[in-house]
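Chemist: Here it is, the structure, as structure tokens.
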Amino acid sequence: MGVTDKQQPVLQMSGIHKHFPGVKALTNVSFRLFPGEVHALMGENGAGKSTLIKVLTGVYSIDQGTVELEQKAIRIGSPMDAQQAGISTVYQEVNLCPNLSVAENIYIGREPRRFGRIVWNEMNRNAEQLLKRRMNLEIDVTLPLHHYSVAVQQLIAIARAISISAKVLILDEPTSSLDRGEVLQLFAVMSRLKSEGLAILFVTHFLDQVYEISDRITILRSGELIGEYRASELPRIDLVSKMIGKELHLLEELPKEAKSANEGKEPFLQATALGKKGSIEPVDMAIMKGEIVGLAGLLGSGRTELARLIFAADKADSGEVLIEGAKGGVHSPRQAIDNAIAFCSENRKLEGIIDDLTVRENIILALQASKGWFQTISKKRQIEIADEYIKALNINPPNPEHLIKNLSGGNQQKVLLARWLLTRPKLLILDEPTRGIDIGAKAEIQKLVLSLAREGMSVLFISSELEEVLRVSDRIVVLRDRHKVQEMQGEELSQSNVMKAIAGG
Amino acid sequence: MVKHHLFWPVAVLAALLLFNFIYSPDFFSIIVRNGNLYGSLIDILNFGSPLIIVALGMTLVIALGGIDLSVGSVVAIAGAISCLLISKGTDQSAWSLVLMAIGVSIAVAIVLGLWNGVLVSIFGMQPIIATLILMVAGRGVAQLIADGQIITVSSKTYNYLGAGSLAMLPFSIFIVAAMFILVSLLTRRTALGLYIESIGCKPTASRLAGIRSRTVMLAVYMFCGLCAGIAGLILSSNVSSADGNNAGLWYELDAILAVVIGGTSLNGGRFSVTGTLIGALIIQTLTTTIYMTGVPPEITLVVKAFVVLVVCLVQSESFRKAIVARWKTRHYPAEREVKQHV
């Protein structure tokens, strides 16, 4: 692209410092963004990416440093300031109103009015044109937002953002719940906006995508600036090692040991015709002791739904589940836990962490729940347990009394893993355990899964990253459009085979 | 120290007491009369005891993310039942009769709590609506029980509950102490406190972590009913009568206020039993102060509302920050602003 060093940056941040009690979130960080570029902000969890973005969007105020927009120093005191200055953000989770119409979502708070009344026709027409012209999206804007897929909602959120102000657009993990086709659609829109001169700050954990769309890369590590690079001049392996801070081939080095055959193994769980109307068609499936079963399929193929039925997070309306050959079934999460099943939900924020509680309390929660009211774990023992897991899983900051909401996503995920490992499960269900977390933590979690299985734990592993599913699984169950379509193991396990099964036809 | 969650409640209480001391220096004096202690402080504890007990139950409900508007009505019903039963007896002071009356009314109060709990946890009603039903209907029930009359009893035994004294102190203070210890033990020595905070903060995540949230909710609403019942007994025994119309009127609001002033968020989650105790004392002290300073009765509620507003603002962190920011910018030299950005 036409980014030259002679050009003036549209956004320049210099010498930014930001401290939180006990944490130096940003230390002397500088960052610049040019018009007409896609700039990837990279770093592990806790590197300071989120903090930097929150500074830009006015959520946090800085302790020291300057922010200049078009060579003018600005003070961003609130999200409103940011918006007025021309900095818009689209977050990982689309935060629009699902039951308002698309047009209302785009124009909420600034509806076209005449004599104090909203001019609906004009609003709908504007919304339609905006989406068509800038997003290449032709949809009915009078339908409620939840009518559309997450990908389309994402594009609508972007349309809203750029229609408010269009100098700097921040995309925070926009692709984490999109499938390949949707990602391409998003990238097409990004390229177009870029060519119109918009400066785009792009945060993602997917390395492929960084190289696919970005012009420049800025790397942060532990709150410090590591450097700014042209994407074309920074080999992938260098990027990873700069992010992690040491030469690491972690992901390649994972033991790709011979996956043991299942013959002679006893099943831990057998599900027959397990299903629920509207979410997953009846499925037969078994999970052996000490086996890692991967669930592969696109988003919405029924992966999560199946896992939730097994844990009884949702109630099945057909089928039967045998656990270690015994009938009786599982009718509530409580019963599932009593049967030594653990379930790490994909929705960490809503279904995982308890924000207001400490790391210690979050870790012991499931164990304490299964012990009942009166058999309490002494505080001393709780701290011992928490310390043990903080050490084993490398949770940062290593303080059991820290509130979990102040931890980074990867560390929250580790706390949740600790919560479940503490219950000594025989079957561990992991739904997207590595989503939105950095490579280092990802590798740690994958390694942990492999070693747990070696010790005899069964694991049901769900991930949108096919590569990851292939790496850890002994057997893969492929789902498509709410049906189980294929099961494969041993020799059959290859990226192309699974892809074919997922795609079907 | 300012960071401690009890700092502001304690500060407010201290400020109120200080005001009283300046206004009438003998506020703190306690004298011995007929072998009992008398004084304003004792009065505050004595008259505040029903409110404290109701607020203790309310704390747990609010920590669950719920609310219980029916406590005032339950107070009236419990008082009406026990007074009715005692008034029917031939020997109104008989221990067996009084104990039976107390037992029945407390059982009814617990059942009423269970009713709220069932509506909220099993039928999934919004707590504010579910308990509004009993708040409105309960007043009617209390009047039906009393047949629209004020029932008076003359039972020395029953009167002891709300007006007797033990070790020179009003007996109700011991009931408060017992309930406070009970709640503290229940929430901090068993896992109940953790469950409540967890459910109040994230119900879905708690269910997936294996907490039986229904059982916990039922138990908490029942406990709140129990607290309201005990408060009803103390109130009616103190005046030896039950007034279905006015007993416990607006108690729910004072109790909610006490909980919030004590530092427990209406959003649920973290709670502080000690905070609630202080919050209830603040409200009772405030009420006493208003009466003592001779505010005309027609504006006492306005004065109370104003003081409560100030108390809430002082406790609000964002409000304090805004004030401090204002103060600082007033003394902020314009030159510094310019230098920073150049």
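Chemist: Condition first: in a loop (DSSP other than H, G, I, E, B) and either touching a Lys or Arg at 6+ places or on another chain (Cβ under 6 Å) or of a type in the set (D, E, K, R) (or both). Can you find one or more residues in the range B:134-149 that meet it? Walk me through how you get there before you give the answer.
Modeler: To start, the set of residues in the range B:134-149 that are in a loop (DSSP other than H, G, I, E, B) comprises B:146-149.
Next, only the ones that are either touching a Lys or Arg at 6+ places or on another chain (Cβ under 6 Å) or of a type in the set (D, E, K, R) (or both) stay: B:147.
The answer is yes; a qualifying residue exists.
Chemist: Same structure, new question: List the pairs whose first member sits in the range A:318-337 and is more than 14 Å from chain B (Cβ to nearest Cβ), whose second member is of a type in the set (G, A, S) and in a loop (DSSP other than H, G, I, E, B), and whose Cβ atoms are under 6 Å apart, counting only residues at least 6 apart or on separate chains?
Modeler: From the range A:318-337, the pairs are A:V321/A:G329.
Chemist: Every residue in the range B:149-177 that is surrounded by fewer than 17 Cβ atoms within 10 Å (Cβ to Cβ) and polar (S, T, N, Q), please.
Modeler: B:Q149, B:T152, B:S154
Chemist: Now for a different question. Looking at the range A:448-471, is at least one residue in a helix (DSSP H, G or I) and among the polar types (S, T, N, Q)? Before the answer, list the steps.
Modeler: From the range A:448-471, those in a helix (DSSP H, G or I) are A:448-454, A:466-471; that's our starting set.
With among the polar types (S, T, N, Q) added as a condition, the list becomes A:451.
Among the residues of the range A:448-471, at least one is in a helix (DSSP H, G or I) and among the polar types (S, T, N, Q), which makes the answer yes.
Chemist: Another question, then. When you scan the range B:178-194, how many residues do you find that are surrounded by 21 or more Cβ atoms within 10 Å (Cβ to Cβ) and within 7 Å of chain A (Cβ to nearest Cβ)?
Modeler: Number satisfying all stated conditions: 3.
Chemist: Right, next: Given the options B:T329, B:T285, B:T274, name the one that is among the hydroxyl-bearing types (S, T, Y), modelled with pLDDT under 80 and not in a loop (DSSP other than H, G, I, E, B).
Modeler: Details: B:T285 fails: modelled with pLDDT under 80; B:T274 fails: modelled with pLDDT under 80.
Selected residue: B:T329, the only one of B:T329, B:T285, B:T274 that is among the hydroxyl-bearing types (S, T, Y), modelled with pLDDT under 80 and not in a loop (DSSP other than H, G, I, E, B).
Chemist: Identify, from the list A:V152, A:V189, the residue that is in a helix (DSSP H, G or I), among the aliphatic types (A, V, I, L, M), more than 29 Å from A:I16 (Cα to Cα) and modelled with pLDDT under 85. Steps first, please.
Modeler: Details: A:V189 fails: modelled with pLDDT under 85.
Matching residue, one of A:V152, A:V189: A:V152.
Chemist: Need the failing condition index for A:T358 against (1) facing chain B (nearest Cβ under 7 Å); (2) under 22 Å from A:E388 (Cβ atoms), just the number.
Modeler: All conditions pass for A:T358, except number (1).
Chemist: Let me ask something else. Restricting to the range A:368-395, name every residue that is of a type outside the set (A, V, I, L, M, F, W, C), buried (at least 18 other Cβ atoms within 10 Å of the Cβ) and more than 14 Å from chain B (Cβ to nearest Cβ). Break it down into steps so the answer makes sense when it comes.
Modeler: Of the residues in the range A:368-395, the ones of a type outside the set (A, V, I, L, M, F, W, C) are A:368, A:370-372, A:375-376, A:378-382, A:384, A:387-389, A:391, A:394.
Filter again for buried (at least 18 other Cβ atoms within 10 Å of the Cβ), leaving A:368, A:376, A:382, A:389.
Across the range A:368-395, the qualifying residue is only A:Y389.
Chemist: Still on this model: If you take the residues in the range B:195-224 that are at the interface with another protein chain (Cβ under 9 Å from one of its Cβ atoms) and touching a Pro at 6+ places or on another chain (Cβ under 7 Å), which one is surrounded by the most Cβ atoms within 10 Å (Cβ to Cβ)?
Modeler: B:L208
Chemist: Hey, A:N105 hits all of (1) of a type in the set (S, T, N, Q); (2) part of a helix (DSSP H, G or I); (3) without any contact (Cβ under 8 Å) to a residue 40 or more places away in the chain but one; which does it fall short on?
Modeler: Only one criterion in (1) of a type in the set (S, T, N, Q); (2) part of a helix (DSSP H, G or I); (3) without any contact (Cβ under 8 Å) to a residue 40 or more places away in the chain is unmet by A:N105, namely (3).
Chemist: Does A:L422 satisfy the criteria of being surrounded by fewer than 18 Cβ atoms within 10 Å (Cβ to Cβ) and either aliphatic (A, V, I, L, M) or within 27 Å of B:A205 (Cα to Cα) (or both)? Give the derivation first.
Modeler: Numbers: surrounded by fewer than 18 Cβ atoms within 10 Å (Cβ to Cβ): no; either aliphatic (A, V, I, L, M) or within 27 Å of B:A205 (Cα to Cα) (or both): yes.
No: the conditions fail for A:L422.
Chemist: Give the number of residues within the range B:236-250 that are assigned to a loop (DSSP other than H, G, I, E, B) and either hydroxyl-bearing (S, T, Y) or touching a Leu at 6+ places or on another chain (Cβ under 9 Å) (or both). Working first, answer last.
Modeler: Initial filter on the range B:236-250 (assigned to a loop (DSSP other than H, G, I, E, B)): B:240, B:244-250.
Checking the rest, the ones that are also either hydroxyl-bearing (S, T, Y) or touching a Leu at 6+ places or on another chain (Cβ under 9 Å) (or both) come to B:240, B:244, B:247-248.
Number of matching residues: 4.
Chemist: Still on this model: Please state which of the following conditions A:S61 fails to meet, knowing it meets all the rest: (1) within 24 Å of A:V10 (Cβ to Cβ); (2) without any contact (Cβ under 8 Å) to a residue 12 or more places away in the chain; (3) small (G, A, S); (4) assigned to a loop (DSSP other than H, G, I, E, B).
Modeler: (2)
Chemist: Please work out which one of (1) over 20 Å from the mean Cα position of the chain (by Cα); (2) within 14 Å of another protein chain (Cβ to nearest Cβ) is the condition A:K426 fails and give its number.
Modeler: With respect to (1) over 20 Å from the mean Cα position of the chain (by Cα); (2) within 14 Å of another protein chain (Cβ to nearest Cβ), A:K426 is out only on (2).
The values are calculated or read from the model by the stated rules, or taken from the named source; none is laboratory data. Owing to the predicted nature of the structure, the values given are computational and were not obtained by experimental measurement. Reconstructed Cβ throughout: ideal geometry from the backbone, glycine too, with neighbour counts over all protein chains shown.
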